[in-house]
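Presented below is the structure to which this report refers.
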């Protein structure tokens, strides 16, 4: 399906609200239990939750859900709802009497784009998105465009709508790499090596702040450090897709998840290096494709923030 859900066990759920001041939502990526994960945050204005827990030097190596949300830092409250859903399902780090779900989250800036600056995702929306992800089943199609965390997304200083995009790449030996992106970038999308130029007189300052959020998923067996390096590699795809990227006004964040279903070739040190480099290069390309998919999937809409033309590459 050319989707992150091509990776067995990965599920995606969206919840959004539009109208009555709302233009925002939540997307939850729900991996199978035992999935290893890490993250690399490179934007100058990140809004994140529990990302420190994904460092390779910390106690817990697994991730129970990843929450991508609108609402800037306020929207991070949606992670609490996803965490509650996971607890009810028994997903999490076992402690006496319960489990503590590891649910990292990251937010885009979409405050006020529906008209009400206080209309932003909450814990209930995070719970609903987690439940929707579980209910979707394995290998389900992922809704793209202005849904979930991409509902209020814009790109290129507000010239175009942004949104949710996804992609996947299959490697030798049954290794699959998928990506899901929420594109709300300051920069312009880059197609065929160059970004289109804004029309004369359209130069405007950034509308609030920005951010591109990405989740990479693979069925390969990776440890936390290798997931961290895969997330780092994913930022190369982000930089290829958006110009500029990783600015002071972006909170660009890439998560990486490894479900551990397929062994890489580690027969020799050279084979191990080649396997990891190949996978991480594919992750970068999957990120690039997911970002462009997210922009192209966002059709023309009219919102309280103004009329946004659908993005088309220069010359089309």
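No lab work stands behind these numbers, since they all come straight from the coordinates. Fair warning: this is a prediction, and the values are worked out from it, not measured in the lab. In this analysis, Cβ positions are derived from the backbone assuming ideal geometry, glycine residues included, and neighbour counts consider all displayed protein chains.
On a 0 to 90° scale, report how tilted helix 123-136 is relative to the longest principal axis of the chain, with both axes built from alpha carbons and the result rounded to the nearest 10.
60
Mind checking which of 95, 29, 183 has the largest fluctuation in a GNM of the chain, springs on alpha carbons under 10 Å?
It is 95.
Between the range 130-193 and the range 210-257, how many Å separate their Cα centres?
A separation of 13 Å, based on Cα centres.
Fewest Cβ neighbours within 10 Å first, please rank 102, 169, 216 accordingly.
Taking fewest neighbouring Cβ atoms as first place, the list is 169, 102, 216.
What is the angle, in °, between the Cα long axis of helix 78-88 and the longest principal axis of the Cα atoms in the chain? Nearest 10 is fine, range 0 to 90.
Approximately 30 degrees, to the nearest 10.
In whole percent, what relative contact order does the chain give with Cα contacts below 8 Å and a gap of six or more residues?
Averaging sequence separation for qualifying contacts and normalising by length gives 24 percent for the chain.
Round to a whole angstrom and tell me the spacing of the C-alpha centers of the range 1-40 and the range 265-290.
The range 1-40 and the range 265-290 have Cα centres separated by 24 Å.
What residue among 78, 136, 61 has the largest mean-square fluctuation in a Gaussian network model of the chain, using Cα springs under 10 Å?
Looking only at 78, 136, 61, the biggest GNM fluctuation is shown by 136.
Nearest 10 degrees is fine. How inclined is helix 224-241 to the longest principal axis of the chain, computing both from alpha carbons?
The angle comes out at about 30 degrees.
With Cα extents along the principal axes in Å in mind, check (i) 76, 57, 32; (ii) 68, 41, 35; (iii) 58, 46, 32 and report the label derived from this structure.
So the structure-derived entry is (iii).
Rank 152, 260, 174 by mean-square fluctuation in a GNM of the chain with C-alpha springs under 10 angstrom and give only the top-ranked residue.
174
Taking neighbour counts of Cβ atoms within 10 Å as a proxy for exposure, in what order, fewest first, do 161, 228 appear?
Going from sparsest to densest Cβ surroundings: 228, 161.
Treat the count of other C-beta atoms within 10 Å as a stand-in for reagent exposure and order 250, 110, 265, 6 from fewest to most.
With the fewest neighbours first, 250, 110, 265, 6 line up as 265, 6, 250, 110.
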